[in-house]
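*Asks:* This is the structure I have questions about; it appears just below.
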Amino acid sequence: MSGRLYSELDGARIFRVGLGCSNFGKRCDGETAAGIVRAALDAGINFFDIADVYGEGTAESLLARGLDGRRDEAFVATKFGHATKDARDPSQRGGHPENVIRSAEASLRALRTDRIDLFQLHEPDPDVPVAETLGALQTLVDQGKVRWIGCSNMSLAQVEEAHAAADERGVRPFDTVQNEYSLLVRDAEQDMLPYCRRNGLRFIPFFPLASGVLTGKYRMDQRVPEGSRVARMKPDKLFRFFTPRALDLVESLVEIGDRSGRSVLELALGFHLAEPAVLSVISGAMSPEQVRANVAAAEAAADLRPDEVELLRSL
């Protein structure tokens, strides 16, 4: 495979197209999830993104089932700080130090592992100073239970605050930032991506394919396929992604692909692979076949020419 398909994180070699596991325990039962995980490993994917809230708390155990006997082949990135946001006791929710430790222990048990490769704060906690959260994460790193730490859904100002707090406290700053980014949602280009490049943070885009809209399977004036994600979307998400603007963009990608011999999926993934700050692109899958299709598209997209990349960025 092309060298562009791998990232380095302090010596860890990570496939740049990861598997998003948010459907485990929701749209994928245990057997299906395990088959998808094994197919991902067989195809070369080693980055698995999950959270303690996915599948109403069951997803991590389903990932563990798929990784049974192959844990050392995987880089597991899980998230905390969202599952207990409604707990009455403030110490049992969000970024409170006690909750950080409690969440890590719970994820270690669910994942049936002795370490979490990347432990991410799922969302900023306005009630807890980020320095306290970072202090607890440092404890987990010192204990060998967590290897790298990250944040998600944070603004640039919040990431900068966290970096300054880490310097002041003398603890590890966040290694990664996971925010939304796609050809449709480009906010990260204005501030977060330049910051990541300057400061050595790795960026993990979520919704890189806009819930499947940027795979090319949804087209202007065509019926939405039955059973598809868009067909099941709640109105709030449907109106974010499945819009005239989005479908216009897809048609532009189809035209570009027709000229270059590339699929819409290849172009959408290639857009991310061309960004050096991107650690791994979180791409979901509902079947082993879809996993293999994502990897094949990534391999084809890895050699996108500079002029093709610039054309995509100009859309």
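*Asks:* Considering segment 1-16 alone, what residues qualify as being acidic (D, E) and either within 14 Å of I204 (Cα to Cα) or outside any loop (DSSP other than H, G, I, E, B) (or both)?
*Replies:* Selection gives E8 alone.
*Asks:* Related question: Kindly indicate whether any position in segment 94-104 is surrounded by fewer than 16 Cβ atoms within 10 Å (Cβ to Cβ), of a type outside the set (A, V, I, L, M, F, W, C) and either more than 22 Å from R13 (Cβ to Cβ) or in contact with a helix residue (DSSP H, G or I) (Cβ under 7 Å, 6 or more places away or on another chain) (or both).
*Replies:* Scanning segment 94-104 turns up at least one residue that is surrounded by fewer than 16 Cβ atoms within 10 Å (Cβ to Cβ), of a type outside the set (A, V, I, L, M, F, W, C) and either more than 22 Å from R13 (Cβ to Cβ) or in contact with a helix residue (DSSP H, G or I) (Cβ under 7 Å, 6 or more places away or on another chain) (or both).
*Asks:* A follow-up question, please. Please name all residue pairs, on different chains or six or more residues apart, with Cβ atoms under 8 Å, provided the first residue is in segment 53-67 and is buried (at least 24 other Cβ atoms within 10 Å of the Cβ) and the second residue is among the charged types (D, E, K, R) and assigned to a helix (DSSP H, G or I).
*Replies:* Taking only residues 6 or more apart or on different chains, the pairs are Y54/E60; G66/R38.
*Asks:* Further question on the same structure: Right, I45: under 19 Å from A302 (Cβ atoms), touching a helix residue (DSSP H, G or I) at 6+ places or on another chain (Cβ under 9 Å), among the hydrophobic types (A, V, I, L, M, F, W, C) and surrounded by 22 or more Cβ atoms within 10 Å (Cβ to Cβ) or not?
*Replies:* yes
*Asks:* Condition check: touching a helix residue (DSSP H, G or I) at 6+ places or on another chain (Cβ under 6 Å), outside any loop (DSSP other than H, G, I, E, B) and modelled with pLDDT of 95 or more. Does V76 satisfy that?
*Replies:* no
*Asks:* Quick check on this structure: which one of L19, L41 is at pLDDT 95 or above, outside any helix (DSSP H, G or I) and of a type outside the set (V, I, T)?
*Replies:* After ruling out the rest, the residue left standing is L19.
*Asks:* When you scan segment 134-241 for helices (runs of 4 or more DSSP H) that lie fully inside it, which ones turn up with 2 or more residues that are more than 16 Å from Q120 (Cβ to Cβ) and at pLDDT 95 or above?
*Replies:* Helices (runs of 4 or more DSSP H) meeting the threshold: 156-169, 192-199.
The values are calculated or read from the model by the stated rules, or taken from the named source; none is laboratory data. What you see is a predicted model; the values in this text were computed from it and never measured. A quick note on method: Cβ atoms are made from the backbone with ideal geometry, for glycine too, and the neighbour counts reach across all protein chains shown.
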